[in-house]
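Student: Starting off with a structure, shown below.
The values are calculated or read from the model by the stated rules, or taken from the named source; none is laboratory data. Source: prediction; values computed, not measured. We place every Cβ from the backbone using ideal geometry, glycine too, and count neighbours over all the protein chains shown. SASA here: full protein model, heavy atoms, side chains in, ligands and nucleic acids out. Shrake-Rupley method; radii C 1.70, N 1.55, O 1.52, S 1.80 Å.
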Amino acid sequence: MIEVLAKLGRGPVFLAGEVLECVITFTNPLSASSTSASSEMLAWASAQIHCQFHASENRVALPPSDGSKHDVQAENETVFVPNRGERGQCILSTPPKILFCDLRLDPGESKSYSYCETLPVDGPPSFRGQSVKYVYKLTIGCQRVNSPIKLLRVPFRVLVLHGLKDYQFPQDEAVAPSNPFLEEEEGLKKDSRLADLATELLMVATSRRSLHLYNISNTRGKVGTFCIFKTVYKIGEDVIGTFNFSEGDIPCLQFSVSLQTEESIQEEFQRRRGQPVSFTVHARHQESCLHTAQSSFSLPIPLSSTPGFTTNIVSLKWRLHFEFVTSGESAGTCLVRGSQSEAVTWTGVEQMDVDTFSWDLPIKVLPTNPILASYVSQFSNTNSITI
(Lines give C-alpha, C1' and ligand atoms only; values in the text may rest on other atoms or scores of the structure.)
Protein backbone atom coordinates (compact mmCIF):
# COMPACT_ATOMS: atom_id res chain seq x y z
CA MET A 1 0.00 0.00 0.00
CA ILE A 2 1.26 3.45 -0.94
CA GLU A 3 -0.27 6.76 0.13
CA VAL A 4 -0.15 9.61 -2.40
CA LEU A 5 -0.57 13.15 -1.04
CA ALA A 6 -0.73 16.27 -3.24
CA LYS A 7 -0.44 19.70 -1.62
CA LEU A 8 -0.86 23.14 -3.16
CA GLY A 9 1.32 25.26 -0.90
CA ARG A 10 0.01 28.67 -2.01
CA GLY A 11 -3.67 27.76 -1.98
CA PRO A 12 -6.21 26.42 -4.50
CA VAL A 13 -6.79 29.69 -6.43
CA PHE A 14 -4.51 30.97 -9.21
CA LEU A 15 -4.40 33.67 -11.81
CA ALA A 16 -4.03 32.61 -15.44
CA GLY A 17 -0.35 33.03 -16.31
CA GLU A 18 0.86 32.13 -12.80
CA VAL A 19 3.01 29.11 -12.02
CA LEU A 20 1.13 26.37 -10.19
CA GLU A 21 3.36 24.45 -7.80
CA CYS A 22 2.26 21.21 -6.20
CA VAL A 23 4.33 18.97 -3.91
CA ILE A 24 3.43 15.30 -4.37
CA THR A 25 4.53 12.90 -1.64
CA PHE A 26 4.57 9.11 -1.98
CA THR A 27 4.68 7.19 1.32
CA ASN A 28 4.93 3.53 2.26
CA PRO A 29 3.26 3.59 5.69
CA LEU A 30 4.99 1.74 8.47
CA SER A 31 2.78 -0.87 10.09
CA ALA A 32 3.30 -3.34 12.95
CA SER A 33 3.64 -6.21 10.48
CA SER A 34 6.16 -4.41 8.26
CA THR A 35 9.38 -6.22 7.40
CA SER A 36 12.33 -5.54 5.17
CA ALA A 37 10.49 -7.46 2.46
CA SER A 38 7.48 -5.10 2.61
CA SER A 39 8.90 -2.66 0.09
CA GLU A 40 6.50 -1.20 -2.44
CA MET A 41 7.19 -0.49 -6.11
CA LEU A 42 5.65 2.00 -8.53
CA ALA A 43 6.38 1.78 -12.23
CA TRP A 44 5.86 5.48 -12.99
CA ALA A 45 3.96 8.64 -12.06
CA SER A 46 3.01 11.60 -14.22
CA ALA A 47 1.05 14.82 -13.80
CA GLN A 48 -0.91 17.13 -16.11
CA ILE A 49 -3.28 20.10 -15.87
CA HIS A 50 -6.51 20.07 -17.86
CA CYS A 51 -9.74 22.08 -18.12
CA GLN A 52 -13.05 20.27 -18.53
CA PHE A 53 -16.00 21.92 -20.27
CA HIS A 54 -19.55 20.73 -19.63
CA ALA A 55 -22.70 22.22 -21.16
CA SER A 56 -26.39 21.74 -20.46
CA GLU A 57 -27.94 19.81 -23.32
CA ASN A 58 -31.21 21.73 -22.88
CA ARG A 59 -29.57 25.13 -23.40
CA VAL A 60 -26.40 24.65 -25.44
CA ALA A 61 -26.05 23.07 -28.88
CA LEU A 62 -22.44 21.95 -29.32
CA PRO A 63 -20.85 20.45 -32.43
CA PRO A 64 -20.05 16.73 -32.13
CA SER A 65 -16.76 15.95 -30.46
CA ASP A 66 -14.06 14.22 -32.48
CA GLY A 67 -12.46 12.44 -29.56
CA SER A 68 -13.69 9.07 -28.38
CA LYS A 69 -15.16 8.89 -24.91
CA HIS A 70 -13.51 6.75 -22.23
CA ASP A 71 -15.42 6.09 -19.06
CA VAL A 72 -12.99 3.75 -17.31
CA GLN A 73 -9.29 3.03 -17.36
CA ALA A 74 -8.54 -0.31 -18.98
CA GLU A 75 -6.91 -2.92 -16.74
CA ASN A 76 -3.81 -3.19 -18.92
CA GLU A 77 -3.79 0.45 -20.10
CA THR A 78 -0.41 2.14 -19.73
CA VAL A 79 -1.29 5.44 -21.45
CA PHE A 80 -1.83 8.37 -19.07
CA VAL A 81 -5.18 10.03 -19.92
CA PRO A 82 -5.83 12.70 -17.23
CA ASN A 83 -9.46 13.37 -18.19
CA ARG A 84 -10.39 9.67 -18.29
CA GLY A 85 -13.92 9.25 -16.93
CA GLU A 86 -14.55 13.01 -16.62
CA ARG A 87 -17.78 14.60 -17.78
CA GLY A 88 -17.74 16.92 -20.77
CA GLN A 89 -14.89 17.81 -23.10
CA CYS A 90 -11.25 18.52 -22.34
CA ILE A 91 -10.74 21.93 -23.98
CA LEU A 92 -7.32 22.74 -22.59
CA SER A 93 -4.37 20.74 -21.29
CA THR A 94 -0.71 21.24 -20.55
CA PRO A 95 2.03 18.79 -21.66
CA PRO A 96 2.28 15.84 -19.26
CA LYS A 97 5.35 15.73 -17.03
CA ILE A 98 6.89 12.51 -15.71
CA LEU A 99 7.58 12.63 -11.98
CA PHE A 100 9.61 9.39 -11.81
CA CYS A 101 10.05 5.88 -13.15
CA ASP A 102 10.63 2.74 -11.03
CA LEU A 103 10.20 4.07 -7.51
CA ARG A 104 10.95 1.73 -4.60
CA LEU A 105 9.78 2.66 -1.10
CA ASP A 106 10.77 0.77 2.03
CA PRO A 107 8.37 0.65 5.02
CA GLY A 108 8.10 4.13 6.56
CA GLU A 109 9.92 5.75 3.64
CA SER A 110 8.58 8.82 1.80
CA LYS A 111 9.68 10.65 -1.30
CA SER A 112 8.41 14.02 -2.51
CA TYR A 113 8.38 15.53 -5.99
CA SER A 114 7.62 19.09 -7.02
CA TYR A 115 5.39 19.68 -10.02
CA CYS A 116 5.48 23.18 -11.57
CA GLU A 117 3.50 24.38 -14.57
CA THR A 118 2.49 27.78 -15.94
CA LEU A 119 -1.26 28.11 -16.32
CA PRO A 120 -2.25 29.09 -19.88
CA VAL A 121 -3.32 32.71 -20.23
CA ASP A 122 -5.68 32.00 -23.14
CA GLY A 123 -8.00 29.64 -21.24
CA PRO A 124 -11.42 30.41 -19.72
CA PRO A 125 -11.86 31.12 -15.99
CA SER A 126 -13.27 28.58 -13.59
CA PHE A 127 -17.05 28.86 -13.78
CA ARG A 128 -20.09 26.88 -12.66
CA GLY A 129 -23.11 28.44 -14.32
CA GLN A 130 -26.62 27.33 -15.15
CA SER A 131 -25.72 26.52 -18.77
CA VAL A 132 -21.99 25.76 -18.84
CA LYS A 133 -19.15 24.78 -16.51
CA TYR A 134 -15.40 25.26 -16.80
CA VAL A 135 -13.51 23.13 -14.25
CA TYR A 136 -9.71 23.00 -13.79
CA LYS A 137 -7.90 20.02 -12.30
CA LEU A 138 -4.37 18.76 -11.80
CA THR A 139 -4.43 15.02 -12.36
CA ILE A 140 -1.64 12.78 -11.04
CA GLY A 141 -1.48 9.29 -12.51
CA CYS A 142 0.60 6.44 -11.11
CA GLN A 143 0.77 2.72 -11.82
CA ARG A 144 2.11 -0.45 -10.30
CA VAL A 145 3.50 -3.10 -12.59
CA ASN A 146 0.68 -5.18 -14.11
CA SER A 147 -1.93 -3.03 -12.34
CA PRO A 148 -4.41 -0.42 -13.57
CA ILE A 149 -3.53 3.27 -13.50
CA LYS A 150 -4.73 5.18 -10.45
CA LEU A 151 -5.63 8.86 -10.77
CA LEU A 152 -5.49 11.54 -8.08
CA ARG A 153 -7.40 14.67 -9.06
CA VAL A 154 -6.58 18.03 -7.47
CA PRO A 155 -9.27 20.62 -8.32
CA PHE A 156 -8.34 24.29 -8.25
CA ARG A 157 -9.76 27.62 -9.35
CA VAL A 158 -8.46 29.91 -12.10
CA LEU A 159 -9.13 33.65 -12.37
CA VAL A 160 -8.56 35.39 -15.70
CA LEU A 161 -7.65 39.03 -16.25
CA HIS A 162 -8.01 39.53 -20.00
CA GLY A 163 -5.38 41.58 -21.78
CA LEU A 164 -2.87 41.17 -18.97
CA LYS A 165 -0.11 39.64 -21.05
CA ASP A 166 -0.14 42.38 -23.70
CA TYR A 167 -0.73 45.27 -21.31
CA GLN A 168 1.38 48.39 -21.81
CA PHE A 169 1.65 50.58 -18.74
CA PRO A 170 0.85 54.27 -19.22
CA GLN A 171 3.66 56.79 -18.93
CA ASP A 172 1.78 58.89 -16.39
CA GLU A 173 3.41 58.18 -13.04
CA ALA A 174 0.16 58.95 -11.24
CA VAL A 175 -1.42 55.76 -12.55
CA ALA A 176 1.68 53.67 -13.25
CA PRO A 177 2.56 50.72 -10.98
CA SER A 178 3.89 51.91 -7.65
CA ASN A 179 5.77 48.74 -6.65
CA PRO A 180 9.49 49.68 -6.62
CA PHE A 181 10.48 46.04 -7.07
CA LEU A 182 8.86 45.86 -10.53
CA GLU A 183 11.41 46.51 -13.25
CA GLU A 184 10.91 47.24 -16.92
CA GLU A 185 8.85 44.54 -18.61
CA GLU A 186 10.83 42.65 -21.20
CA GLY A 187 10.55 39.18 -22.60
CA LEU A 188 10.20 36.40 -20.07
CA LYS A 189 10.58 38.75 -17.09
CA LYS A 190 7.13 40.13 -17.82
CA ASP A 191 5.59 36.64 -17.87
CA SER A 192 7.17 35.77 -14.52
CA ARG A 193 5.56 38.80 -12.88
CA LEU A 194 2.00 38.45 -14.12
CA ALA A 195 0.56 38.15 -10.61
CA ASP A 196 2.30 41.33 -9.44
CA LEU A 197 1.31 43.16 -12.59
CA ALA A 198 -2.29 42.01 -12.22
CA THR A 199 -2.45 43.31 -8.65
CA GLU A 200 -1.22 46.71 -9.81
CA LEU A 201 -3.63 46.79 -12.75
CA LEU A 202 -6.61 45.83 -10.61
CA MET A 203 -5.74 48.50 -8.06
CA VAL A 204 -5.51 51.16 -10.77
CA ALA A 205 -8.72 50.04 -12.51
CA THR A 206 -10.87 49.86 -9.37
CA SER A 207 -9.53 52.85 -7.42
CA ARG A 208 -10.65 55.49 -9.92
CA ARG A 209 -13.73 57.30 -8.65
CA SER A 210 -16.02 59.73 -10.41
CA LEU A 211 -19.56 60.83 -9.63
CA HIS A 212 -22.23 58.99 -11.63
CA LEU A 213 -25.63 60.62 -11.10
CA TYR A 214 -28.85 59.17 -12.55
CA ASN A 215 -32.37 60.62 -12.53
CA ILE A 216 -35.07 58.12 -11.57
CA SER A 217 -38.38 58.86 -13.22
CA ASN A 218 -41.48 57.22 -14.63
CA THR A 219 -44.30 58.40 -16.87
CA ARG A 220 -45.77 60.51 -14.03
CA GLY A 221 -42.61 62.46 -13.23
CA LYS A 222 -39.37 62.40 -11.26
CA VAL A 223 -39.01 59.94 -8.40
CA GLY A 224 -35.51 60.85 -7.22
CA THR A 225 -31.82 60.53 -8.05
CA PHE A 226 -29.31 57.73 -7.68
CA CYS A 227 -25.59 58.29 -7.05
CA ILE A 228 -22.71 55.84 -7.41
CA PHE A 229 -19.02 56.70 -7.40
CA LYS A 230 -17.62 53.89 -9.55
CA THR A 231 -18.81 51.10 -11.82
CA VAL A 232 -15.67 48.90 -11.86
CA TYR A 233 -15.10 46.55 -8.92
CA LYS A 234 -13.08 43.54 -7.82
CA ILE A 235 -14.70 40.43 -6.37
CA GLY A 236 -14.76 40.85 -2.61
CA GLU A 237 -15.58 44.57 -2.77
CA ASP A 238 -18.87 46.20 -1.75
CA VAL A 239 -21.09 48.01 -4.26
CA ILE A 240 -22.31 51.15 -2.50
CA GLY A 241 -24.95 53.54 -3.82
CA THR A 242 -27.19 56.31 -2.43
CA PHE A 243 -30.70 57.55 -3.24
CA ASN A 244 -32.12 61.05 -2.86
CA PHE A 245 -35.91 61.19 -2.90
CA SER A 246 -36.23 64.73 -1.49
CA GLU A 247 -36.44 66.36 -4.93
CA GLY A 248 -38.87 63.85 -6.39
CA ASP A 249 -42.38 64.71 -7.54
CA ILE A 250 -43.66 61.15 -7.20
CA PRO A 251 -43.47 59.44 -3.78
CA CYS A 252 -41.48 56.19 -3.71
CA LEU A 253 -43.01 53.59 -1.42
CA GLN A 254 -40.40 50.86 -1.73
CA PHE A 255 -37.25 50.01 -3.66
CA SER A 256 -35.04 46.95 -4.05
CA VAL A 257 -31.53 46.54 -5.51
CA SER A 258 -30.17 43.18 -6.63
CA LEU A 259 -26.59 42.33 -7.59
CA GLN A 260 -26.96 39.93 -10.51
CA THR A 261 -24.98 38.08 -13.15
CA GLU A 262 -26.33 37.56 -16.65
CA GLU A 263 -25.25 34.31 -18.32
CA SER A 264 -25.97 34.29 -22.05
CA ILE A 265 -25.11 31.72 -24.69
CA GLN A 266 -23.67 32.98 -27.96
CA GLU A 267 -26.28 32.91 -30.71
CA GLU A 268 -24.65 30.19 -32.81
CA PHE A 269 -24.65 27.79 -29.83
CA GLN A 270 -28.18 28.43 -28.57
CA ARG A 271 -30.43 25.38 -28.46
CA ARG A 272 -33.42 27.56 -29.40
CA ARG A 273 -33.32 30.84 -31.23
CA GLY A 274 -33.92 33.76 -28.90
CA GLN A 275 -33.78 31.64 -25.75
CA PRO A 276 -33.75 33.71 -22.54
CA VAL A 277 -30.59 34.44 -20.63
CA SER A 278 -30.00 33.07 -17.13
CA PHE A 279 -29.82 35.39 -14.13
CA THR A 280 -28.25 34.68 -10.74
CA VAL A 281 -28.78 36.93 -7.70
CA HIS A 282 -25.70 37.28 -5.47
CA ALA A 283 -26.97 39.94 -3.02
CA ARG A 284 -30.17 41.95 -2.49
CA HIS A 285 -31.30 45.00 -0.53
CA GLN A 286 -34.97 45.96 -0.05
CA GLU A 287 -36.33 48.93 1.84
CA SER A 288 -39.59 50.79 2.44
CA CYS A 289 -38.89 54.47 1.85
CA LEU A 290 -42.13 56.51 2.06
CA HIS A 291 -41.31 59.98 3.47
CA THR A 292 -37.60 59.06 3.33
CA ALA A 293 -35.41 61.86 2.00
CA GLN A 294 -32.22 59.84 1.52
CA SER A 295 -31.23 56.19 1.67
CA SER A 296 -28.31 53.94 0.71
CA PHE A 297 -27.33 50.31 0.18
CA SER A 298 -24.20 48.17 0.30
CA LEU A 299 -24.05 44.89 -1.63
CA PRO A 300 -20.98 42.63 -1.23
CA ILE A 301 -19.56 40.90 -4.32
CA PRO A 302 -18.81 37.33 -3.12
CA LEU A 303 -15.17 36.24 -3.34
CA SER A 304 -16.45 32.89 -4.59
CA SER A 305 -18.21 34.45 -7.60
CA THR A 306 -16.80 34.59 -11.14
CA PRO A 307 -15.73 37.94 -12.65
CA GLY A 308 -17.23 38.91 -15.99
CA PHE A 309 -15.82 37.11 -19.04
CA THR A 310 -16.61 36.12 -22.61
CA THR A 311 -15.72 32.97 -24.55
CA ASN A 312 -16.83 31.72 -27.94
CA ILE A 313 -19.72 29.89 -26.22
CA VAL A 314 -20.85 31.92 -23.19
CA SER A 315 -20.78 35.46 -21.86
CA LEU A 316 -21.07 36.50 -18.21
CA LYS A 317 -21.95 40.10 -17.32
CA TRP A 318 -22.72 41.86 -14.03
CA ARG A 319 -25.45 44.40 -13.32
CA LEU A 320 -27.45 46.16 -10.63
CA HIS A 321 -31.18 45.48 -11.01
CA PHE A 322 -33.46 48.13 -9.47
CA GLU A 323 -37.18 47.81 -8.79
CA PHE A 324 -39.28 50.78 -7.60
CA VAL A 325 -42.83 50.90 -6.24
CA THR A 326 -44.30 54.40 -6.50
CA SER A 327 -47.62 55.88 -5.49
CA GLY A 328 -50.11 57.20 -7.99
CA GLU A 329 -51.13 59.85 -5.46
CA SER A 330 -49.30 62.60 -3.62
CA ALA A 331 -47.37 61.81 -0.44
CA GLY A 332 -49.90 63.71 1.71
CA THR A 333 -52.73 61.33 0.84
CA CYS A 334 -50.77 58.27 1.92
CA LEU A 335 -51.70 58.95 5.56
CA VAL A 336 -55.13 59.28 7.19
CA ARG A 337 -56.23 60.58 10.59
CA GLY A 338 -57.11 57.73 12.89
CA SER A 339 -58.80 59.87 15.57
CA GLN A 340 -60.46 63.26 15.92
CA SER A 341 -59.42 63.69 19.57
CA GLU A 342 -56.52 65.76 20.83
CA ALA A 343 -54.19 62.78 20.44
CA VAL A 344 -54.13 62.42 16.66
CA THR A 345 -52.90 59.10 15.22
CA TRP A 346 -51.83 58.94 11.60
CA THR A 347 -52.04 55.60 9.88
CA GLY A 348 -51.43 54.36 6.37
CA VAL A 349 -54.28 53.98 3.91
CA GLU A 350 -55.66 50.50 3.38
CA GLN A 351 -55.58 50.70 -0.40
CA MET A 352 -53.77 52.88 -2.89
CA ASP A 353 -52.85 52.86 -6.55
CA VAL A 354 -49.21 52.03 -7.20
CA ASP A 355 -46.90 51.85 -10.18
CA THR A 356 -43.87 49.58 -10.47
CA PHE A 357 -40.92 49.86 -12.82
CA SER A 358 -37.40 48.45 -13.04
CA TRP A 359 -34.01 49.60 -14.26
CA ASP A 360 -30.71 47.84 -14.96
CA LEU A 361 -27.29 49.42 -14.50
CA PRO A 362 -24.35 47.44 -15.97
CA ILE A 363 -21.20 47.25 -13.84
CA LYS A 364 -17.84 45.61 -14.45
CA VAL A 365 -16.45 43.02 -12.03
CA LEU A 366 -12.77 42.02 -12.22
CA PRO A 367 -10.74 39.32 -10.41
CA THR A 368 -8.89 39.93 -7.16
CA ASN A 369 -5.69 38.72 -5.56
CA PRO A 370 -5.82 34.89 -5.80
CA ILE A 371 -4.41 34.53 -2.28
CA LEU A 372 -7.39 36.46 -0.92
CA ALA A 373 -9.82 34.30 -2.92
CA SER A 374 -8.17 31.16 -1.51
CA TYR A 375 -9.55 31.91 1.95
CA VAL A 376 -13.12 31.18 0.86
CA SER A 377 -12.41 28.51 -1.75
CA GLN A 378 -14.43 25.30 -1.60
CA PHE A 379 -11.34 23.37 -2.67
CA SER A 380 -8.79 21.93 -0.25
CA ASN A 381 -5.05 22.54 -0.32
CA THR A 382 -4.40 18.81 0.05
CA ASN A 383 -5.80 15.75 -1.72
CA SER A 384 -4.80 12.12 -1.32
CA ILE A 385 -5.43 8.55 -2.44
CA THR A 386 -4.19 5.11 -1.41
CA ILE A 387 -3.00 2.66 -4.06
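Student: For the stretch 236-252, enumerate the residues that are open to solvent by less than 30 Å² (accessible area, probe 1.4 Å) and more than 27 Å from LEU15 (Cβ to Cβ).
Tutor: Answer for the stretch 236-252, where residues must be open to solvent by less than 30 Å² (accessible area, probe 1.4 Å) and more than 27 Å from LEU15 (Cβ to Cβ): GLY241, PHE243, PHE245, GLY248, ILE250, PRO251, CYS252.
Student: Going by the conditions given, is LEU366 more than 30 Å from ASP196 (Cβ to Cβ), out of contact with any Asp or Glu (no Cβ under 9 Å at 6 or more places or on another chain) and modelled with pLDDT of 90 or more?
Tutor: When the stated conditions are applied, LEU366 does not pass them.
Student: Between a first residue in the stretch 365-387 that is without any contact (Cβ under 8 Å) to a residue 24 or more places away in the chain and farther than 17 Å from ILE301 by Cα and a second residue that is open to solvent by 20 Å² or more (accessible area, probe 1.4 Å) and not hydroxyl-bearing (Ser, Thr, Tyr), which pairs have beta carbons less than 7 Å apart while being 6 or more apart in sequence or on different chains?
Tutor: From the stretch 365-387, no pairs qualify.
Student: So, one more: Which of the following residues is open to solvent by 30 Å² or more (accessible area, probe 1.4 Å), in contact (Cβ under 8 Å) with a residue 24 or more places away in the chain, assigned to a strand (DSSP E or B) and of a type outside the set (Gly, Ala, Ser): TYR233, TYR214?
Tutor: TYR214
Student: Which residue pairs have Cβ atoms under 7 Å apart, sit 6 or more places apart or on different chains, and have a first residue in the stretch 86-106 that is more than 26 Å from MET1 (Cα to Cα) and a second that is open to solvent by 40 Å² or more (accessible area, probe 1.4 Å)?
Tutor: ARG87/HIS54; GLY88/HIS54; GLN89/SER65; CYS90/ASN83
Student: Are there any strands (runs of 3 or more DSSP E) wholly within the stretch 9-106 with 1 or more residues that are aromatic (Phe, Trp, Tyr) and either at pLDDT 90 or above or under 17 Å from TYR136 (Cβ atoms) (or both), and if so which?
Tutor: In the stretch 9-106, 13-15, 19-27, 40-55, 97-105 are the strands (runs of 3 or more DSSP E) which contain 1 or more residues that are aromatic (Phe, Trp, Tyr) and either at pLDDT 90 or above or under 17 Å from TYR136 (Cβ atoms) (or both).
Student: Still on this structure: Given the criterion of a type in the set (A, V, I, L, M, F, W, C) and without any contact (Cβ under 8 Å) to a residue 60 or more places away in the chain, identify the matching residue among PHE269, PHE309, PHE297. Break it down stepwise before answering.
Tutor: Details: PHE269 fails: without any contact (Cβ under 8 Å) to a residue 60 or more places away in the chain; PHE309 fails: without any contact (Cβ under 8 Å) to a residue 60 or more places away in the chain.
PHE297 is the lone residue from the list that is of a type in the set (A, V, I, L, M, F, W, C) and without any contact (Cβ under 8 Å) to a residue 60 or more places away in the chain.
Student: Under the condition of being farther than 18 Å from GLN48 by Cβ and touching a helix residue (DSSP H, G or I) at 6+ places or on another chain (Cβ under 8 Å), which residue from the stretch 1-16 is surrounded by the most Cβ atoms within 10 Å (Cβ to Cβ)?
Tutor: Applying the filter and picking the extreme gives VAL13.
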